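Only one structure is covered here, and it is reproduced in the block below.
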Amino acid sequence: MTRARILPVLFLLCGAALATGLVLKGSPGTAVALLLVFVVLAGVNSPLVFPRSIGALEAQRRSAADGRPVVYWRPGCPYCLRLRARLGRHARRLHWVDIWRDPAGAAAVREANGGDETVPTVVVAGRPHTNPDPRWVREQLSRSA
């Protein structure tokens, strides 16, 4: 199992265990509600919420060709989730790199952030920006179109 899926799987397992305990105690309605909360938490922290990740080298190549920003992210990061949610449908136009799946992406983030794996790190025209405002990212995306 990859690191990206550990947190969502833990949410599902904990939710299932708690829901089972509630069902055995005679509270099936509460169990269903609690299980739904854990399923939502698992979904939000899943890599499935984000556009398909590509490798850092491929993202850099594509960005050089089309001028679109590269977003380095990782599952479970609330700031990455905020960026993704606030970008809405525009998020699919960016190049997303999951640093937990791509060692070159993690290295690029560490280089940009003084050795820290701080995400989201958005690279626009070769310049990294750590945790930028989503409106600013949307502006950069409209400039590259």
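The values are calculated or read from the model by the stated rules, or taken from the named source; none is laboratory data. Because the structure is predicted, anything quoted here is derived from the model rather than measured. Note that each Cβ is placed from the backbone with ideal geometry, even for glycine, and that neighbours are counted across all protein chains shown.
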Exercise for the section: Quickly run through segment 70-111 and pick out the residues that are crowded, with 18+ Cβ neighbours inside 10 Å and in a helix (DSSP H, G or I). Expected result: 80, 83, 84, 87, 91, 105, 106, 108, 109
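Being in contact with a Ser or Thr (Cβ under 8 Å, 6 or more places away or on another chain) and touching a residue at least 12 places away in the same chain (Cβ under 8 Å) is the filter here; which residues of segment 125-145 pass it?
128, 130, 131
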Exercise for the section: Return the pairs, sorted by first residue and then second, in which the second residue is assigned to a loop (DSSP other than H, G, I, E, B) and surrounded by fewer than 19 Cβ atoms within 10 Å (Cβ to Cβ), the first residue lies in segment 70-88 and is modelled with pLDDT under 90, the beta carbons are less than 6 Å apart, and the residues are 6+ apart or on different chains. Expected result: none
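For segment 98-137, how many residues are of a type in the set (Lys, Arg) and within 22 Å of residue 5 (Cβ to Cβ)?
Selection size over segment 98-137: 1.
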